[in-house]
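The values are calculated or read from the model by the stated rules, or taken from the named source; none is laboratory data. Quantities reported herein were computed from a predicted structural model and do not represent experimental measurements. Methodologically, a virtual Cβ is constructed for each residue, glycine included, from the backbone with ideal geometry; neighbour enumeration extends over all protein chains shown.
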Amino acid sequence: MDTLHWPLTVLSKAVHFKNLTGASTHVGLSQPQMSRLIAQLEKEFDVTLLDRSAKRKSAWTPAAHKLAEVYTQNARKLQGSIEEALGAEVPSQVNIGTLEGLKDLALNVAHSLLEHSKITTVELDVFDSNELEEKFINGDLDLIFTSHEPGKQKFKHLIEVGYQTLNEVDSNKDFSVMSPFEYGRLKKKPTNKIFISNSLSIRKHWLDSYGGKGTVPSVVKKTKGRDPSPVFIIGGELFSENIWRQIASAAKELI
């Protein structure tokens, strides 16, 4: 059973997506790799987890959802027992990821952790939306600051701390200025010339120096503005409960 921890962890994440194809995109494993892990579980428990009779894409069976639910519930109980046994013990390092537009909030929380907890090391990196989601789901990040909930999974450690609006700048119609995420979501490409950068500071500099049409996020506020986007802080499944309570408290004071 010890060898099944990783396949069960993968399954618990994968069932939040419609099928194996969708899951492999978000879980960070190739479809053949996931298929082998699922087959391992099916052999071990003598149960069908994927309905492979589907015409286009294999879908999860009720047994897959039940197995994932049981594993997730028991993993949480185990984590709670470990934390109870360790008392006030906290991790020595926390890895944080953030969207660039939320870096000020992330910096303040990182400072609070170093200033007021036993954590000795905080690593804070900036990612675009797609990479941030991928790294968090893969378990490479303990904590993320984002305006998009990754996938369709329900997270134990999630708080909505405020709102951010996207302020439109339109000073020169010769250029469209956007992030790779914004560009990828376009249904119809602009007719003018396009400047793309994954750096918010570079996009701001372009708009200030050369003009163009683009959006710039506001600071995070408690109240909704025009066309608000919620701002989330999300912690990993096994994130320390003690530290999570401190983060939630600090975030509310900072906004």
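What to note about this one:
- Those residues of region 109-131 which are under 16 Å from the mean Cα position of the chain (by Cα) and outside any strand (DSSP E or B), in sequence order: Phe127, Asp128, Ser129, Asn130, Glu131
- The residue pairs whose first member lies in region 1-30 and is assigned by TED's automatic domain parsing to the domain that holds Leu141, whose second member is β-branched (Val, Ile, Thr) and not in a helix (DSSP H, G or I), and whose beta carbons are closer than 7 Å, counting only pairs six or more residues apart or on different chains, do not exist in this structure.
- Region 1-56: number of residues that are more than 25 Å from Lys135 (Cα to Cα) and of a type in the set (Phe, Trp, Tyr): 1
- Single residue of region 145-182 satisfying the filter (assigned to a helix (DSSP H, G or I) and surrounded by 15 or more Cβ atoms within 10 Å (Cβ to Cβ)) that is farthest from the chain's Cα centre (by Cα): Glu182
- Qualifying residue in region 198-219 (condition: of a type in the set (S, T, N, Q), without any contact (Cβ under 8 Å) to a residue 12 or more places away in the chain and out of contact with any Lys or Arg (no Cβ under 7 Å at 6 or more places or on another chain)): yes
- Of all positions in region 163-173, at least one carries a residue that is in contact with a Lys or Arg (Cβ under 7 Å, 6 or more places away or on another chain), closer than 17 Å to Leu102 by Cα, touching a residue at least 24 places away in the same chain (Cβ under 8 Å) and in the same structural domain as Ser218 (by TED's automatic domain parsing).
- Checked against (1) surrounded by 15 or more Cβ atoms within 10 Å (Cβ to Cβ); (2) at pLDDT 90 or above; (3) farther than 24 Å from Glu237 by Cβ, Leu41 passes all but condition (3).
- Residues satisfying the stated conditions in region 224-255, i.e. closer than 25 Å to Asp170 by Cβ and either loosely packed, with under 14 Cβ neighbours inside 10 Å or modelled with pLDDT under 85 (or both): Lys224, Gly225, Arg226, Asp227, Pro228
- Taken over region 199-215, residues that are touching a Phe, Trp or Tyr at 6+ places or on another chain (Cβ under 8 Å) and either hydroxyl-bearing (Ser, Thr, Tyr) or part of a loop (DSSP other than H, G, I, E, B) (or both) amount to 3.
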